[in-house]
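The values are calculated or read from the model by the stated rules, or taken from the named source; none is laboratory data. Keep in mind that this is a model prediction, so the values were computed, not measured. Neighbour counts run over all protein chains shown; Cβ positions are idealised from the backbone, glycine included.
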Amino acid sequence: MMDALGSTDILLSLVSLTAMEIVLGIDNIIFISILCGRLPADQREKGRIFGLMGALVTRLGLLSTISWIMGLTKPLFEVAGFPITGKAIILFFGGLFLMAKATKEIHARVEGEEHGEHATGKNTVSLRSVLIQVALLDIVFSMDSVITAVGMTSHLGVMVLANVLALGVMIFTSKSIGDFVHRHPTVKILALSFLIMIGLVLVADAAGIHIPKAYVYFAMGFSVGVEMLNIRIAAKAKKQNLH
(Lines give C-alpha, C1' and ligand atoms only; values in the text may rest on other atoms or scores of the structure.)
Protein backbone atom coordinates (compact mmCIF):
# COMPACT_ATOMS: atom_id res chain seq x y z
CA MET A 1 0.00 0.00 0.00
CA MET A 2 2.80 2.38 0.89
CA ASP A 3 4.58 1.50 -2.36
CA ALA A 4 1.45 2.29 -4.35
CA LEU A 5 1.02 5.58 -2.49
CA GLY A 6 4.64 6.43 -3.14
CA SER A 7 4.25 5.66 -6.85
CA THR A 8 1.11 7.80 -7.01
CA ASP A 9 2.91 10.70 -5.34
CA ILE A 10 5.79 10.43 -7.80
CA LEU A 11 3.39 10.29 -10.77
CA LEU A 12 1.52 13.35 -9.53
CA SER A 13 4.82 15.18 -9.01
CA LEU A 14 5.89 14.26 -12.56
CA VAL A 15 2.61 15.49 -14.10
CA SER A 16 2.61 18.72 -12.07
CA LEU A 17 6.27 19.45 -12.76
CA THR A 18 5.93 18.70 -16.49
CA ALA A 19 2.94 21.05 -16.72
CA MET A 20 4.89 23.75 -14.87
CA GLU A 21 7.89 23.34 -17.17
CA ILE A 22 5.65 23.66 -20.23
CA VAL A 23 4.02 26.84 -18.89
CA LEU A 24 7.39 28.36 -18.00
CA GLY A 25 8.72 27.22 -21.37
CA ILE A 26 6.20 29.40 -23.23
CA ASP A 27 8.46 32.37 -22.46
CA ASN A 28 11.34 30.54 -24.13
CA ILE A 29 9.27 29.59 -27.17
CA ILE A 30 8.09 33.17 -27.74
CA PHE A 31 11.56 34.64 -27.28
CA ILE A 32 13.21 32.04 -29.52
CA SER A 33 10.52 32.38 -32.21
CA ILE A 34 10.90 36.17 -32.37
CA LEU A 35 14.68 36.00 -32.52
CA CYS A 36 14.66 33.23 -35.13
CA GLY A 37 12.20 35.25 -37.20
CA ARG A 38 15.09 37.57 -38.11
CA LEU A 39 17.20 34.68 -39.42
CA PRO A 40 17.22 33.59 -43.09
CA ALA A 41 14.24 31.32 -43.80
CA ASP A 42 16.42 28.21 -44.17
CA GLN A 43 17.94 28.69 -40.70
CA ARG A 44 14.84 29.47 -38.63
CA GLU A 45 13.85 25.88 -37.87
CA LYS A 46 17.44 25.02 -36.99
CA GLY A 47 17.65 28.02 -34.66
CA ARG A 48 14.38 27.02 -32.97
CA ILE A 49 15.46 23.42 -32.37
CA PHE A 50 18.98 24.34 -31.23
CA GLY A 51 17.58 27.02 -28.92
CA LEU A 52 15.16 24.61 -27.23
CA MET A 53 17.80 21.88 -27.01
CA GLY A 54 20.12 24.42 -25.40
CA ALA A 55 17.41 25.18 -22.84
CA LEU A 56 17.19 21.48 -21.96
CA VAL A 57 20.98 21.14 -21.66
CA THR A 58 21.08 24.23 -19.43
CA ARG A 59 18.34 22.93 -17.13
CA LEU A 60 19.83 19.45 -16.88
CA GLY A 61 23.22 20.99 -16.17
CA LEU A 62 21.75 23.12 -13.39
CA LEU A 63 19.86 20.11 -11.99
CA SER A 64 23.16 18.24 -11.72
CA THR A 65 24.46 21.01 -9.48
CA ILE A 66 21.41 21.46 -7.23
CA SER A 67 23.49 22.08 -4.11
CA TRP A 68 25.30 24.93 -5.90
CA ILE A 69 21.99 26.31 -7.23
CA MET A 70 20.43 26.35 -3.77
CA GLY A 71 23.56 28.08 -2.52
CA LEU A 72 22.78 30.97 -4.86
CA THR A 73 19.86 31.87 -2.60
CA LYS A 74 22.25 32.65 0.28
CA PRO A 75 23.38 36.28 0.74
CA LEU A 76 26.80 37.10 -0.72
CA PHE A 77 27.02 40.68 0.57
CA GLU A 78 24.79 43.57 1.55
CA VAL A 79 24.05 46.93 -0.08
CA ALA A 80 22.49 49.51 2.25
CA GLY A 81 21.38 46.69 4.50
CA PHE A 82 19.76 44.75 1.62
CA PRO A 83 21.17 41.19 1.15
CA ILE A 84 22.40 40.41 -2.38
CA THR A 85 22.34 36.77 -3.54
CA GLY A 86 23.73 35.07 -6.62
CA LYS A 87 20.18 34.36 -7.79
CA ALA A 88 19.25 38.04 -7.42
CA ILE A 89 22.22 39.12 -9.54
CA ILE A 90 21.34 36.67 -12.33
CA LEU A 91 17.65 37.59 -12.29
CA PHE A 92 18.38 41.34 -12.19
CA PHE A 93 20.70 41.42 -15.21
CA GLY A 94 18.64 38.78 -17.03
CA GLY A 95 15.50 40.86 -16.53
CA LEU A 96 17.22 44.01 -17.77
CA PHE A 97 18.50 42.16 -20.83
CA LEU A 98 15.03 40.78 -21.58
CA MET A 99 13.41 44.23 -21.29
CA ALA A 100 16.10 45.86 -23.43
CA LYS A 101 15.90 43.17 -26.13
CA ALA A 102 12.10 43.20 -26.27
CA THR A 103 12.03 47.01 -26.41
CA LYS A 104 14.57 46.98 -29.25
CA GLU A 105 12.48 44.45 -31.19
CA ILE A 106 9.32 46.53 -30.72
CA HIS A 107 11.17 49.64 -31.92
CA ALA A 108 12.43 47.79 -35.00
CA ARG A 109 8.93 46.69 -35.94
CA VAL A 110 7.18 49.98 -35.22
CA GLU A 111 9.81 52.08 -37.03
CA GLY A 112 10.12 49.60 -39.91
CA GLU A 113 13.84 48.99 -39.48
CA GLU A 114 13.37 45.28 -40.01
CA HIS A 115 11.84 45.87 -43.45
CA GLY A 116 14.62 48.27 -44.29
CA GLU A 117 17.25 45.62 -43.61
CA HIS A 118 15.49 43.07 -45.81
CA ALA A 119 14.93 45.66 -48.51
CA THR A 120 18.64 46.34 -48.79
CA GLY A 121 19.46 42.64 -48.67
CA LYS A 122 21.48 42.96 -45.49
CA ASN A 123 21.22 40.29 -42.83
CA THR A 124 22.57 41.65 -39.58
CA VAL A 125 21.52 38.61 -37.55
CA SER A 126 23.47 35.37 -37.60
CA LEU A 127 22.54 31.97 -36.23
CA ARG A 128 25.44 32.19 -33.77
CA SER A 129 24.33 35.54 -32.35
CA VAL A 130 20.75 34.27 -31.95
CA LEU A 131 21.90 31.13 -30.13
CA ILE A 132 24.14 33.20 -27.82
CA GLN A 133 21.21 35.45 -26.88
CA VAL A 134 18.97 32.41 -26.37
CA ALA A 135 21.63 30.77 -24.17
CA LEU A 136 21.84 33.85 -21.94
CA LEU A 137 18.08 33.88 -21.41
CA ASP A 138 18.01 30.09 -20.95
CA ILE A 139 20.21 30.53 -17.89
CA VAL A 140 17.79 33.06 -16.38
CA PHE A 141 14.62 31.10 -17.14
CA SER A 142 16.21 27.79 -16.15
CA MET A 143 17.43 29.19 -12.83
CA ASP A 144 13.91 30.09 -11.76
CA SER A 145 12.54 26.81 -13.14
CA VAL A 146 15.07 24.61 -11.35
CA ILE A 147 14.61 26.33 -7.98
CA THR A 148 10.84 25.92 -8.33
CA ALA A 149 11.27 22.26 -9.32
CA VAL A 150 13.36 21.56 -6.23
CA GLY A 151 10.53 22.92 -4.12
CA MET A 152 8.03 20.56 -5.81
CA THR A 153 9.92 17.26 -5.60
CA SER A 154 13.13 15.83 -4.16
CA HIS A 155 13.51 13.15 -6.86
CA LEU A 156 16.17 14.11 -9.41
CA GLY A 157 14.88 11.51 -11.88
CA VAL A 158 11.42 13.12 -11.82
CA MET A 159 12.93 16.55 -12.52
CA VAL A 160 14.97 15.22 -15.45
CA LEU A 161 12.04 13.30 -16.97
CA ALA A 162 9.72 16.29 -16.56
CA ASN A 163 12.18 18.52 -18.43
CA VAL A 164 12.59 15.98 -21.25
CA LEU A 165 8.81 15.59 -21.62
CA ALA A 166 8.32 19.35 -21.56
CA LEU A 167 10.99 19.76 -24.25
CA GLY A 168 9.18 17.26 -26.46
CA VAL A 169 5.95 19.25 -26.18
CA MET A 170 7.79 22.54 -26.77
CA ILE A 171 9.56 21.25 -29.90
CA PHE A 172 6.27 19.84 -31.23
CA THR A 173 4.40 23.13 -30.72
CA SER A 174 7.17 25.73 -31.22
CA LYS A 175 6.86 25.93 -35.02
CA SER A 176 3.09 26.40 -34.90
CA ILE A 177 3.38 29.06 -32.20
CA GLY A 178 6.23 30.79 -34.03
CA ASP A 179 4.39 30.78 -37.38
CA PHE A 180 1.23 32.13 -35.75
CA VAL A 181 3.14 34.93 -34.02
CA HIS A 182 4.85 35.95 -37.28
CA ARG A 183 1.61 35.87 -39.28
CA HIS A 184 -0.02 38.38 -36.95
CA PRO A 185 2.00 41.58 -36.26
CA THR A 186 -0.27 42.60 -33.37
CA VAL A 187 0.33 39.25 -31.66
CA LYS A 188 4.06 39.75 -32.12
CA ILE A 189 3.91 43.14 -30.39
CA LEU A 190 1.75 41.63 -27.65
CA ALA A 191 4.28 38.81 -27.17
CA LEU A 192 7.14 41.30 -26.93
CA SER A 193 5.14 43.29 -24.39
CA PHE A 194 4.79 40.09 -22.36
CA LEU A 195 8.56 39.68 -22.43
CA ILE A 196 8.98 43.22 -21.06
CA MET A 197 6.53 42.38 -18.28
CA ILE A 198 8.39 39.13 -17.49
CA GLY A 199 11.68 41.04 -17.42
CA LEU A 200 10.15 43.52 -14.97
CA VAL A 201 8.96 40.62 -12.79
CA LEU A 202 12.49 39.19 -12.77
CA VAL A 203 13.99 42.54 -11.74
CA ALA A 204 11.35 42.94 -9.03
CA ASP A 205 12.09 39.42 -7.77
CA ALA A 206 15.79 40.27 -7.63
CA ALA A 207 14.89 43.32 -5.52
CA GLY A 208 12.95 41.13 -3.08
CA ILE A 209 9.51 42.09 -4.40
CA HIS A 210 7.67 38.86 -5.15
CA ILE A 211 4.93 39.09 -7.76
CA PRO A 212 2.84 35.87 -7.91
CA LYS A 213 3.30 34.31 -11.34
CA ALA A 214 -0.37 33.30 -11.37
CA TYR A 215 -1.27 37.00 -11.72
CA VAL A 216 1.20 37.45 -14.56
CA TYR A 217 0.06 34.41 -16.52
CA PHE A 218 -3.62 35.27 -15.95
CA ALA A 219 -3.01 38.75 -17.40
CA MET A 220 -1.16 37.22 -20.35
CA GLY A 221 -3.94 34.68 -20.94
CA PHE A 222 -6.63 37.34 -20.76
CA SER A 223 -4.76 39.57 -23.24
CA VAL A 224 -4.25 36.67 -25.64
CA GLY A 225 -7.97 35.80 -25.42
CA VAL A 226 -8.96 39.36 -26.31
CA GLU A 227 -6.46 39.43 -29.19
CA MET A 228 -7.83 36.13 -30.56
CA LEU A 229 -11.29 37.71 -30.64
CA ASN A 230 -9.87 40.73 -32.50
CA ILE A 231 -8.16 38.48 -35.06
CA ARG A 232 -11.34 36.46 -35.60
CA ILE A 233 -13.46 39.61 -36.04
CA ALA A 234 -10.90 41.08 -38.48
CA ALA A 235 -10.79 37.84 -40.49
CA LYS A 236 -14.60 37.69 -40.63
CA ALA A 237 -14.83 41.32 -41.75
CA LYS A 238 -12.22 40.72 -44.45
CA LYS A 239 -14.13 37.69 -45.71
CA GLN A 240 -17.37 39.69 -45.89
CA ASN A 241 -15.63 42.49 -47.81
CA LEU A 242 -14.28 40.00 -50.34
CA HIS A 243 -17.81 38.68 -50.92
Before we move on, is Asn241 exposed (fewer than 10 other Cβ atoms within 10 Å of the Cβ) and not assigned by TED's automatic domain parsing to the domain that holds Ile89? yes
From the list Ala55, Ala80, Ala88, which one is over 30 Å from Ser126 (Cα atoms) and buried (at least 20 other Cβ atoms within 10 Å of the Cβ)? Ala88
For region 43-93, how many residues are hydrophobic (A, V, I, L, M, F, W, C) and on the phi > 0 side of the Ramachandran plot? 1
Residue pairs within 8 Å by beta carbon, gap of at least six or interchain, first lying in region 213-228 and within 21 Å of Phe180 (Cα to Cα) and of a type in the set (Asp, Glu), second modelled with pLDDT of 80 or more and surrounded by fewer than 15 Cβ atoms within 10 Å (Cβ to Cβ), listed first then second, are Glu227/Thr186
List the number of the failed condition for Phe50; all other conditions in (1) of a type outside the set (Asp, Glu); (2) in a helix (DSSP H, G or I); (3) over 27 Å from Ile196 (Cβ atoms) hold. (3)
Please give the number of the condition Thr186 fails out of (1) over 15 Å from Leu24 (Cβ atoms); (2) touching an Asp or Glu at 6+ places or on another chain (Cβ under 7 Å); (3) surrounded by 17 or more Cβ atoms within 10 Å (Cβ to Cβ). (3)
Looking only at residues that are modelled with pLDDT of 75 or more and touching a Leu at 6+ places or on another chain (Cβ under 9 Å) in region 60-87, which one is farthest from Ser142 (Cα to Cα)? Pro83
Any residue at all in region 177-187 that is at pLDDT 80 or above and touching a Gly at 6+ places or on another chain (Cβ under 8 Å)? no
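Looking at Ala162, is it surrounded by 15 or more Cβ atoms within 10 Å (Cβ to Cβ) and at pLDDT 80 or above?
For Ala162, the condition - surrounded by 15 or more Cβ atoms within 10 Å (Cβ to Cβ) and at pLDDT 80 or above - is met.
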Positions within region 88-126 being at pLDDT 80 or above and either of a type outside the set (A, V, I, L, M) or outside any helix (DSSP H, G or I) (or both), in sequence order: Phe92, Phe93, Gly94, Gly95, Phe97, Lys101, Thr103, Lys104, Glu105, His107
